[in-house]
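Please read through the structure below; I'll follow up with questions.
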């Protein structure tokens with residue numbers, strides 16, 4: 001039933017471990033669509049054996065738990081050994097690796113308790129599934145298991161485990177640890193494993209390792225464009241949080257833009273703004289360079305350099321395509337300027353990014369139209385009017401078709417911090433998980449009008465400005 005392809009690598013890549021049990025585990029939430037990836041349905045969770053396994057209390061027969069080794073550049077500084085300090089890979093089912101986060105200490109916990117709390121588990125569960133529904137490559141979240149076991153962060157909280165799914169959890173740091181130890185053979189073994197399992201078409205390439213770098217670079221560039229277009233800030237773009245498959249990995253202090261602010265910093269711990277929203281594309285390039293460096297022992301420096309040279313073009317082209325679709329514009333010489341000018345207006349007027357883009361779908365290009373729902377978002381109405389006149393001239397085609405196409409790429413609902421915080425407070429203070437379930441259901445259909453939930457698409461309340469999310473989140 002279960003497999004574990006990663007466990008067939010030499011034991012230099014991991015340590016076999018058993019999770020530390022939690023008392024009296026219970027279900028908090030689950031994702032039916034993530035269960036379906038494993039060939040399961042919700043009825044499977046009625047089996048106490050699944051609850052025990054995903055609580056870390058008793059693996060299912062055939063599971064082969066392990067914690068992976070890796071290193072990484074954290075906020076630009078190299079840390080020679082990290083690894084799964086609180087995550088445990090249980091095994092693989094139907095081609096998906098199953099990992100629990102919060103399973104207790106491993107050899108890589110570096111003095112930590114290896115636990116996750118309910119607060120952070122809810123955030124990761126909701127955002128993983130929300131990003132998938134937005135069409136952005138991501139790890140998936142299968143379920144949250146809770147326990148009344150106390151866990152100490154800034155205050156006493158309760159333990160939880162979130163079950164994550166991915167075809168692979170190999171990351172840039174999985175290669176970095178061996179590069180900085182000058183251990184070439186493990187680099188080759190890991191690269192061969194990644195190519196054979198996830199990029200088999202590269203095996204016949206004249207320079208398969210260079211081709212691997214180029215593919216990872218392209219996927220990373222596209223991922224950065226996806227993030228920028230939807231207004232998502234990751235918060236901790238360390239190389240140990242960068243997926244070899246171009247997936248959004250390790251949800252901690254993330255945030256979606258409310259008022260459009262290019263310099264938005266979602267991570268309270270990021271005091272210098274290294275991972276600010278507008279820095280993400282360049283940090284993606286920096287991280288890809290660190291990955292390419294690890295494979296230089298297997299090829300020439302020139303080959304590795306050439307393999308990442310298309311990153312700026314890959315990012316720019318993907319971002320422009322996404323933004324042109326969001327604005328309902330054809331790709332021509334005037335499009336980039338029109339889009340950039342709109343973003344500058346949003347920033348200058350502190351306009352909510354998601355609300356603006358959604359209302360833009362209903363833009364009336366008829367001469368003399370006021371477009372009051374959009375116009376009223378701006379303090380500088382004359383500046384908006386001037387832009388709107390240019391925009392109306394650039395639009396072409398039937399309005400109904402344009403509106404429908406734009407609504408398919410401009411979400412009405414995103415996981416705003418205050419929505420997550422409301423669900424968290426009900427869960428932690430009242431043991432009421434209904435808001436987690438409600439938010440999850442809403443966010444699986446982010447592009448659909450759901451009139452009963454219009455309040456979830458409104459601007460954040462004033463108290464939301466006080467929310468701070470840090471690396472401990």
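The values are calculated or read from the model by the stated rules, or taken from the named source; none is laboratory data. Note that the structure is a prediction, hence the values are computed from the model and not measured. Backbone-built Cβ (ideal geometry, glycine too); neighbour counts: all protein chains shown.
Mind checking whether some residue in segment 261-274 is surrounded by fewer than 23 Cβ atoms within 10 Å (Cβ to Cβ), touching a strand residue (DSSP E or B) at 6+ places or on another chain (Cβ under 9 Å) and not in a loop (DSSP other than H, G, I, E, B)? If you could, list the steps in order and put the result at the bottom.
Taking segment 261-274 first, the residues surrounded by fewer than 23 Cβ atoms within 10 Å (Cβ to Cβ) are 261-265, 268-274.
Then keep just the ones that are touching a strand residue (DSSP E or B) at 6+ places or on another chain (Cβ under 9 Å); that gives 264-265.
This time we only want the ones that are not in a loop (DSSP other than H, G, I, E, B), so: none.
So far as segment 261-274 goes, no, none of its residues is surrounded by fewer than 23 Cβ atoms within 10 Å (Cβ to Cβ), touching a strand residue (DSSP E or B) at 6+ places or on another chain (Cβ under 9 Å) and not in a loop (DSSP other than H, G, I, E, B).
Next up: So which of 422, 437 is over 30 Å from residue 329 (Cα atoms) and either touching a strand residue (DSSP E or B) at 6+ places or on another chain (Cβ under 7 Å) or outside any helix (DSSP H, G or I) (or both)?
Working: 422 fails: either touching a strand residue (DSSP E or B) at 6+ places or on another chain (Cβ under 7 Å) or outside any helix (DSSP H, G or I) (or both).
After applying the criteria, what remains is 437.
Turning to a different aspect of this structure: Which fully enclosed strands (runs of 3 or more DSSP E) of segment 6-84 have 2 or more residues being under 14 Å from residue 143 (Cα atoms) and either under 27 Å from the mean Cα position of the chain (by Cα) or at pLDDT 95 or above (or both)?
Values: elements: 14-16, 26-30, 66-68, 72-74, 77-79.
Per the criteria, 26-30.
Another one. Pull out all pairs, ordered by first then second residue, where Cβ-Cβ is under 6 Å, the residues are six or more apart or on different chains, the first lies in segment 41-70 and is free of Cβ contacts under 8 Å to residues at least 60 places away in the same chain, and the second is in a strand (DSSP E or B).
65/88; 65/90; 67/15; 67/88
For segment 139-182, which residues satisfy the criterion of being farther than 16 Å from residue 103 by Cα, free of Cβ contacts under 8 Å to residues at least 60 places away in the same chain and either part of a strand (DSSP E or B) or touching a helix residue (DSSP H, G or I) at 6+ places or on another chain (Cβ under 9 Å) (or both)?
Correct list: 156, 182.
Given (1) assigned to a helix (DSSP H, G or I); (2) over 25 Å from the mean Cα position of the chain (by Cα); (3) farther than 29 Å from residue 155 by Cβ, where does residue 379 come up short, assuming only one miss?
Every listed condition holds for residue 379 apart from (1).
Only one of (1) touching a helix residue (DSSP H, G or I) at 6+ places or on another chain (Cβ under 8 Å); (2) surrounded by fewer than 16 Cβ atoms within 10 Å (Cβ to Cβ); (3) free of Cβ contacts under 8 Å to residues at least 60 places away in the same chain; (4) under 22 Å from residue 131 (Cα atoms) fails for residue 419. Which number is that?
(2) is the only condition that residue 419 fails.
Another one. So, in segment 433-453, of the ones that are within 30 Å of residue 86 (Cβ to Cβ) and surrounded by fewer than 18 Cβ atoms within 10 Å (Cβ to Cβ), which residue ends up farthest from the chain's Cα centre (by Cα)?
As a first pass, look at segment 433-453 and keep what is within 30 Å of residue 86 (Cβ to Cβ): 433-444, 446.
From what's left, surrounded by fewer than 18 Cβ atoms within 10 Å (Cβ to Cβ): 434, 437-438, 441, 444.
Numbers: 434: 24, 437: 20, 438: 21, 441: 18, 444: 15 Å.
Taking the candidates together, the pick is 434.
Next question, about the same structure. Considering only segment 454-468, I want to know if a residue exists there that is outside the structural domain of residue 29 (by TED's automatic domain parsing), in contact with a helix residue (DSSP H, G or I) (Cβ under 8 Å, 6 or more places away or on another chain), surrounded by 13 or more Cβ atoms within 10 Å (Cβ to Cβ) and closer than 16 Å to residue 160 by Cα.
No, because not a single residue in segment 454-468 is outside the structural domain of residue 29 (by TED's automatic domain parsing), in contact with a helix residue (DSSP H, G or I) (Cβ under 8 Å, 6 or more places away or on another chain), surrounded by 13 or more Cβ atoms within 10 Å (Cβ to Cβ) and closer than 16 Å to residue 160 by Cα.
Yes or no, residue by residue, for (1) touching a residue at least 40 places away in the same chain (Cβ under 8 Å); (2) surrounded by fewer than 21 Cβ atoms within 10 Å (Cβ to Cβ); (3) farther than 29 Å from residue 33 by Cβ; (4) not assigned by TED's automatic domain parsing to the domain that holds residue 11:
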residue: 74; (1), (2), (3), (4): yes, yes, yes, no
residue: 88; (1), (2), (3), (4): yes, no, no, no
residue: 99; (1), (2), (3), (4): yes, no, no, no
residue: 102; (1), (2), (3), (4): yes, no, no, no
residue: 108; (1), (2), (3), (4): yes, no, yes, no
residue: 112; (1), (2), (3), (4): no, yes, yes, no
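I'd like to know if segment 444-454 contains one or more residues that are part of a helix (DSSP H, G or I) and over 23 Å from residue 375 (Cα atoms). Outline the logic, then answer.
Just the residues of segment 444-454 that are part of a helix (DSSP H, G or I), to begin with: 451-454.
So of that shortlist, the ones also over 23 Å from residue 375 (Cα atoms) come out as 452-453.
Scanning segment 444-454, I find at least one residue that is part of a helix (DSSP H, G or I) and over 23 Å from residue 375 (Cα atoms), so the answer is yes.
Output the number of the condition that residue 213 fails; it satisfies all remaining conditions of (1) surrounded by 22 or more Cβ atoms within 10 Å (Cβ to Cβ); (2) at positive phi; (3) over 12 Å from the mean Cα position of the chain (by Cα).
(2)
Now a separate question. Pairs needed: first member in segment 278-293, closer than 20 Å to residue 178 by Cβ; second member anywhere, surrounded by fewer than 19 Cβ atoms within 10 Å (Cβ to Cβ); C-beta distance under 8 Å; at least 6 residues apart or different chains.
292/305
Then there is this: Considering segment 218-242 alone, what residues qualify as being in contact with a strand residue (DSSP E or B) (Cβ under 6 Å, 6 or more places away or on another chain) and either more than 24 Å from residue 357 (Cβ to Cβ) or surrounded by fewer than 22 Cβ atoms within 10 Å (Cβ to Cβ) (or both)?
Narrowing segment 218-242 to residues in contact with a strand residue (DSSP E or B) (Cβ under 6 Å, 6 or more places away or on another chain): 231-233, 238-240, 242.
Once the filter is applied, which keeps residues that are in contact with a strand residue (DSSP E or B) (Cβ under 6 Å, 6 or more places away or on another chain) and either more than 24 Å from residue 357 (Cβ to Cβ) or surrounded by fewer than 22 Cβ atoms within 10 Å (Cβ to Cβ) (or both), segment 218-242 yields 231, 238, 239, 240, 242.
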